[in-house]
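*Asks:* Just passing along the structure, written as structure tokens.
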Amino acid sequence: MTGAAARSLAVSLLALGSALVPPRALVAQSASCGSADDVVPAVPPQGWAPPLDRTVSLDARDVSLRDALDRLAAAADVRLSYSPDVVPVDRRVCASFHDVALGGALSELLRGAGVEARAIGGSQVVLAPLRDPTAGAPREPTMLERVIVTGSAAGAPERPLSVEVTTISGAALRARGAGGTVAEALSGAVPGVWAWAQPPASLLVRYASIRGASSFDAYPKVYIDGIEVASPLLVSRIDPATVDRIEIIRGPQGAALYGSDAISGVVNIVTRTDGVADGSPRFGIDASGGAVTSDYVARPTVTQRYGVTVRAGSSTRAATLGIAAGGTGPYVPGAWGRDVSGVLSTRLVGARSIVNAMARLSLADASATESPVLADSVFHATGMSGSGPIAFTPASVQSSREYTAGTTIRLMQSSRLTHSVVLGVDGYRLSGVPAASTAIPSAADAALRDAAGGADRGSLRLATIADLGHAAGIGTTLTLGAERSILRSATVSTLAPTPLPMPVVRGESPRGPLLSDGGSGPGSGHDGGRLDDVAWRTNTGLIAQLNAALLDVAYLTAGARLERSGGFPGAGQWNVLPLVGVALVRGTQDVQLKVRGAYGRGIRGPRTASRETMSGSGRGRDSYGGEDEITRRGIAAESQRGSEAGFDLYVGRIFALRATRFNQVASGLIQRVAIAIDTTYRSGSLGPRQVEYALQNVGRVSNRGWEIDGTFTRSALSLSGSFSAVSSIVRQLDGGYTGDLRTNDRMLEVPARTASLTAAWTGNGWLASVTAARASDWINYDRIGLAWSVVHDTRPPDQPIGDWLRGYWHSYSGVTRVRAALSRDVTPSLTAIATGENLLDYQRGEPDNVTIVPGRTVSLGIRAAF
């Protein structure tokens, strides 16, 4: 940590610390975690009805209530039935039971949870609401006692974490009526994160900002049940019915555990595995259909979505299968999308082990065509077509095939020693990607074309968490881990530049392509495409992290990841990714305040799966046998370092407020820079216009800002909102950079402010919610004007392309998305649903003036459970 960063972190913590309420240590609801010797008094088996009279033993420290309950059920060999909607399964518990009655152990674990254990004969135990919930039961604990997976090696309580981790529950996604895209799930709901709306004709999620700009192809490192995916940009659609929760770390602090590519953050999608009361299968069916309006088609098009969920097993042996399919018709001529996905998750619990396994398959097809805005503005309006409409060339059908399979194993050797194993593989196949259809394509478009082909990533992560004991009020935990991953990528390239499809005038010959960067993909209709030599990338990481707790009030985290990645020039190099953090917690049972701060550093190698096309065959040579571009130009790695400081305030389960100030510096950002435009084309002549690109390091960018989010729940009403303000400024340029950015410029396509507000009303069989999310004030290209200029060659032949591009920068004021959902229980097993998307009916302006998204979308559906 630099001196300036350390001073900034210290000042922030001191300022926030002055707001602390009088000190009072909090006690976990089941048993205190302050001492390893805490033991729940033995409860004799007499007086408990079978099977609650069975004796059990359990050592569980800082685990979720769900894990503790399921391990007790496995130890007693009983079927334990409960609803996650009634039991606070993510609550942190600590207890040590030795030969006690199951009923007594459950009573202690459930104290204050509002439920009790009831024996219903045989080996069946049900956790049901208390008959008298006010009979001396302590109040329910606050959210600081929640256990989360991300940010730890095997799950840890949120209370001591110095890094902010945002959690979105699957129930919240379903209640909000989220349509299933990552953009809908994250944008606005997670302060500091914004992804542009994903039209059905796009297979790629486009991240605009994750605390500013950490890369030109910005994306967080994405995991599914702890298994790293091969391409985070292609994980663009999720089925809310199969999601238990999504956990998000923002900033480079997560790199100490998760390694390269985590420079902007980490997203872990945890799939849902729920048992059922009697073990027999339970089915859920969702079906909806609706209409999509558009200014670019004569009549509304159809959208539809279907889903089937099957749950079976008990809390100790459970499986969930979810299958979803849907699609949207042509909201602009020739542009449509359809997808089908399936997720299978299983859970097996023993007295000292928990095994989770999952498999995912996702198939998506999309048809992309030229934007009618671009065609009308650049060609038709100029008189190139004379009169009459523009006839488009056939649309390109893109296909994406993704899969994930793996397992997570936790072995609780004792209350002091836990082992964790994660083993999995993820991959994709991407074909039919069209070449660029706009002048100077966006980084997201370029990343999609470069990813054409496929990749497979296998990973193995081992960790041991040791409780070193408590002395003088100080408890320490040591985590040691090792990780190894192998990425195999095969990307599509060309031997020579090829022309692009373009709008053609009816009754006339094509005037030639608008632009070419030499890229094409299978199914694009271009000659010369071939499969590059397969590239292999390896990553090895060694992890050490020490956590110390003082009187269950002050927490210190210090650790580092020593990593060797094959994504760097040469044979790879070792990097140290540190993490230092502190958290202070004070409060009462009703009010809790946590002050936290952390510093971290992350790195991303210049060679990634999305850059293989630009870097050659992946073995240090290009397609013609020479050095690849990364080696030849000496492209350095991207990195980001910085600190965050903030506070979390909780008032029971009624009110929560979280605020974070971040100060980060991104260095070596790699941009695909346009260095020349072919000037041989002149108006009235035929032949291709081509743009030549090169990868270049930009320099140093500062990312600073504030993030605020909060919730309020009272009776049937709940409100949640977030706000973020970010300043992403170029502070220093690399000596060899020739692009259009200059010192003190704002980074392109980064909104200065994002915000969201959700209001929900629940009661009497009704559920209604309205969500508004807004991003405002960013700079991007005027793509219409830029395309016009390229077609008509208004650029002087000798003008540098960097300065020329700056003339087409355009300020975008903002975009607001409004979504609403309404559901009504018709019978105990049947629910009617109505949803509305893009209710303000804005189709343009996000993130530029060429991209078109579907208009107002209204759907009606049903949800059945039996």
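*Asks:* From the residues in segment 32-66 that are hydrophobic (A, V, I, L, M, F, W, C), surrounded by 15 or more Cβ atoms within 10 Å (Cβ to Cβ) and assigned to a loop (DSSP other than H, G, I, E, B), which one is modelled with the lowest pLDDT? Spell out the reasoning first.
*Replies:* Going through segment 32-66, the residues hydrophobic (A, V, I, L, M, F, W, C) turn out to be 33, 36, 39-40, 42-43, 48-49, 52, 56, 58, 60, 63, 65.
Still in the list and also surrounded by 15 or more Cβ atoms within 10 Å (Cβ to Cβ): 33, 36, 40, 43, 48, 52, 56, 58, 60, 63, 65.
Within this subset, residues satisfying the condition of being assigned to a loop (DSSP other than H, G, I, E, B) are 33, 36, 40, 43, 48, 52.
Working: Cys33: 61, Ala36: 41, Val40: 47, Val43: 52, Trp48: 89, Leu52: 93.
Going through the qualifying residues, I end up with Ala36.
*Asks:* Select, from Arg71, Arg118, the only residue that is out of contact with any Ser or Thr (no Cβ under 7 Å at 6 or more places or on another chain), free of Cβ contacts under 8 Å to residues at least 40 places away in the same chain and either surrounded by 22 or more Cβ atoms within 10 Å (Cβ to Cβ) or in a strand (DSSP E or B) (or both).
*Replies:* Only one candidate passes the filter, namely Arg118.
*Asks:* Restricted to segment 230-287, and to residues that are closer than 30 Å to Gly121 by Cβ and of a type in the set (A, V, I, L, M), which residue is most open to solvent (accessible area, probe 1.4 Å)?
*Replies:* Here is the first cut: in segment 230-287, the residues closer than 30 Å to Gly121 by Cβ are 272-284.
Keeping just the survivors that are of a type in the set (A, V, I, L, M) gives 276-277.
Numbers: Val276: 11, Ala277: 56 Å².
Here the residue is Ala277.
*Asks:* For segment 320-341, check the following and say yes or no: at least one residue is assigned to a strand (DSSP E or B), open to solvent by 40 Å² or more (accessible area, probe 1.4 Å), out of contact with any Phe, Trp or Tyr (no Cβ under 7 Å at 6 or more places or on another chain) and small (Gly, Ala, Ser).
*Replies:* Here is the first cut: in segment 320-341, the ones assigned to a strand (DSSP E or B) are 320-332, 335-341.
Remaining after also requiring open to solvent by 40 Å² or more (accessible area, probe 1.4 Å): 321, 323, 330, 336, 338, 340.
Of the ones still in play, those that are also out of contact with any Phe, Trp or Tyr (no Cβ under 7 Å at 6 or more places or on another chain) are 321, 323, 336, 338, 340.
With small (Gly, Ala, Ser) added as a condition, the list becomes none.
No, segment 320-341 has no match at all.
*Asks:* Among the residues of segment 422-431, is any hydroxyl-bearing (Ser, Thr, Tyr), out of contact with any helix residue (DSSP H, G or I) (no Cβ under 9 Å at 6 or more places or on another chain), modelled with pLDDT under 95 and crowded, with 21+ Cβ neighbours inside 10 Å? Outline the logic, then answer.
*Replies:* Narrowing segment 422-431 to residues hydroxyl-bearing (Ser, Thr, Tyr): 428, 431.
If we keep only those that are out of contact with any helix residue (DSSP H, G or I) (no Cβ under 9 Å at 6 or more places or on another chain) as well, we get 431.
If we keep only those that are modelled with pLDDT under 95 too, we end up with 431.
Next, only the ones that are crowded, with 21+ Cβ neighbours inside 10 Å stay: none.
Looking through segment 422-431, none of the residues is hydroxyl-bearing (Ser, Thr, Tyr), out of contact with any helix residue (DSSP H, G or I) (no Cβ under 9 Å at 6 or more places or on another chain), modelled with pLDDT under 95 and crowded, with 21+ Cβ neighbours inside 10 Å.
*Asks:* Next up: Just give me the residues in segment 854-866 being farther than 10 Å from Val292 by Cβ and β-branched (Val, Ile, Thr), in sequence order. Let's see the steps before the verdict.
*Replies:* Of all residues in segment 854-866, those farther than 10 Å from Val292 by Cβ come to 860-866.
Within segment 854-866, just Ile862 meets the criteria.
*Asks:* Go through segment 696-744 and report how many residues are over 15 Å from Val665 (Cα atoms) and open to solvent by less than 50 Å² (accessible area, probe 1.4 Å).
*Replies:* 16
*Asks:* Okay, moving on. Given the structure, is Ser789 of a type in the set (S, T, N, Q), open to solvent by less than 70 Å² (accessible area, probe 1.4 Å) and more than 30 Å from Thr835 (Cβ to Cβ)?
*Replies:* Numbers: of a type in the set (S, T, N, Q): yes; open to solvent by less than 70 Å² (accessible area, probe 1.4 Å): yes; more than 30 Å from Thr835 (Cβ to Cβ): yes.
Criteria met by Ser789.
*Asks:* Could you identify the single residue in Arg824, Arg817 that is in a strand (DSSP E or B), touching a residue at least 60 places away in the same chain (Cβ under 8 Å) and among the charged types (D, E, K, R)?
*Replies:* Working: Arg824 fails: touching a residue at least 60 places away in the same chain (Cβ under 8 Å).
Only one candidate qualifies: Arg817.
*Asks:* Open to solvent by less than 10 Å² (accessible area, probe 1.4 Å) and closer than 23 Å to Asn356 by Cβ: is that true of Pro220 in this structure? Before you say what the answer is, go through the steps one by one.
*Replies:* Details: open to solvent by less than 10 Å² (accessible area, probe 1.4 Å): yes; closer than 23 Å to Asn356 by Cβ: yes.
Taking the combined requirement at face value, the residue satisfies it.
*Asks:* Is it the case that segment 166-175 has a residue that's assigned to a loop (DSSP other than H, G, I, E, B) and open to solvent by less than 10 Å² (accessible area, probe 1.4 Å)? Let's see the steps before the verdict.
*Replies:* Going residue by residue through segment 166-175, those that are assigned to a loop (DSSP other than H, G, I, E, B) are none.
No - not one qualifying residue is present in segment 166-175.
*Asks:* Take the residues of segment 802-825 that are among the hydrophobic types (A, V, I, L, M, F, W, C) and open to solvent by 50 Å² or more (accessible area, probe 1.4 Å): which is nearest to Ala759 (Cα to Cα)? Reasoning before the result, please.
*Replies:* Step one: filter segment 802-825 for residues among the hydrophobic types (A, V, I, L, M, F, W, C), giving 804-805, 809, 815, 818, 820-822.
Next, only the ones that are open to solvent by 50 Å² or more (accessible area, probe 1.4 Å) stay: 809, 822.
Numbers: Trp809: 37, Leu822: 12 Å.
By that ranking, first place goes to Leu822.
*Asks:* Any residue in segment 821-840 that is of a type in the set (Lys, Arg) and in contact with a Lys or Arg (Cβ under 8 Å, 6 or more places away or on another chain)? Walk me through how you get there before you give the answer.
*Replies:* Taking segment 821-840 as the starting set, the residues that turn out to be of a type in the set (Lys, Arg) are 824.
So of that shortlist, the ones also in contact with a Lys or Arg (Cβ under 8 Å, 6 or more places away or on another chain) come out as none.
Within segment 821-840 (the criterion being of a type in the set (Lys, Arg) and in contact with a Lys or Arg (Cβ under 8 Å, 6 or more places away or on another chain)), the answer is no, since none of the residues qualifies.
*Asks:* Right, Gly807: among the small types (Gly, Ala, Ser) and free of Cβ contacts under 8 Å to residues at least 12 places away in the same chain or not? So that I can check it myself, show each step before the final result.
*Replies:* Details: among the small types (Gly, Ala, Ser): yes; free of Cβ contacts under 8 Å to residues at least 12 places away in the same chain: yes.
Yes: the conditions hold for Gly807.
*Asks:* Something else about it: Of all residues in segment 242-290, which are more than 15 Å from the chain's Cα centre (by Cα) and assigned to a strand (DSSP E or B)?
*Replies:* Across segment 242-290, the qualifying residues are Arg282, Phe283, Gly284, Ile285, Asp286, Ala287, Ser288, Gly289, Gly290.
*Asks:* Return the residue satisfying two criteria in turn: it lies in segment 827-866 and is polar (S, T, N, Q) and outside any strand (DSSP E or B), and of such residues it is nearest to Ser367 (Cα to Cα).
*Replies:* Residues of segment 827-866 polar (S, T, N, Q): 827, 829, 831, 835, 838, 843, 849, 851, 857, 859.
Then keep just the ones that are outside any strand (DSSP E or B); that gives 829, 838, 843, 849, 851.
Values: Ser829: 38, Asn838: 21, Gln843: 18, Asn849: 20, Thr851: 14 Å.
My answer is Thr851.
*Asks:* Failed condition for Ala637, given (1) surrounded by 24 or more Cβ atoms within 10 Å (Cβ to Cβ); (2) at pLDDT 85 or above, with all others met?
*Replies:* Single failed check for Ala637: (1).
*Asks:* Can you tell me which residue within segment 125-145, out of those that are open to solvent by 30 Å² or more (accessible area, probe 1.4 Å) and part of a strand (DSSP E or B), is modelled with the lowest pLDDT? Before you say what the answer is, go through the steps one by one.
*Replies:* So in segment 125-145, the residues open to solvent by 30 Å² or more (accessible area, probe 1.4 Å) come out as 126, 129-140, 143.
Narrowing further to those that are part of a strand (DSSP E or B): 126, 129.
On the way: Val126: 90, Pro129: 85.
The extreme case among them is Pro129.
*Asks:* Take the conditions under 28 Å from Asp590 (Cα atoms), modelled with pLDDT of 90 or more, of a type in the set (A, V, I, L, M) and out of contact with any Asp or Glu (no Cβ under 9 Å at 6 or more places or on another chain) and apply them to Ala117. Does it pass?
*Replies:* Details: under 28 Å from Asp590 (Cα atoms): yes; modelled with pLDDT of 90 or more: yes; of a type in the set (A, V, I, L, M): yes; out of contact with any Asp or Glu (no Cβ under 9 Å at 6 or more places or on another chain): yes.
For Ala117, the condition - under 28 Å from Asp590 (Cα atoms), modelled with pLDDT of 90 or more, of a type in the set (A, V, I, L, M) and out of contact with any Asp or Glu (no Cβ under 9 Å at 6 or more places or on another chain) - is met.
*Asks:* Please go through segment 446-484 and give me each residue that is part of a loop (DSSP other than H, G, I, E, B) and open to solvent by 30 Å² or more (accessible area, probe 1.4 Å), ordered by number.
*Replies:* So the first thing to find is which residues in segment 446-484 are part of a loop (DSSP other than H, G, I, E, B), and the list is 451-452, 472-473.
Of everything in segment 446-484, those that are part of a loop (DSSP other than H, G, I, E, B) and open to solvent by 30 Å² or more (accessible area, probe 1.4 Å) turn out to be Ala472, Gly473.
The values are calculated or read from the model by the stated rules, or taken from the named source; none is laboratory data. Predicted, not measured: the structure shown is a model, and the values here were computed from it. In this analysis, Cβ positions are derived from the backbone assuming ideal geometry, glycine residues included, and neighbour counts consider all displayed protein chains. Note: accessible area is taken over every heavy atom of the protein model, side chains too, but ligands, DNA and RNA are not part of it. Shrake-Rupley method; radii C 1.70, N 1.55, O 1.52, S 1.80 Å.
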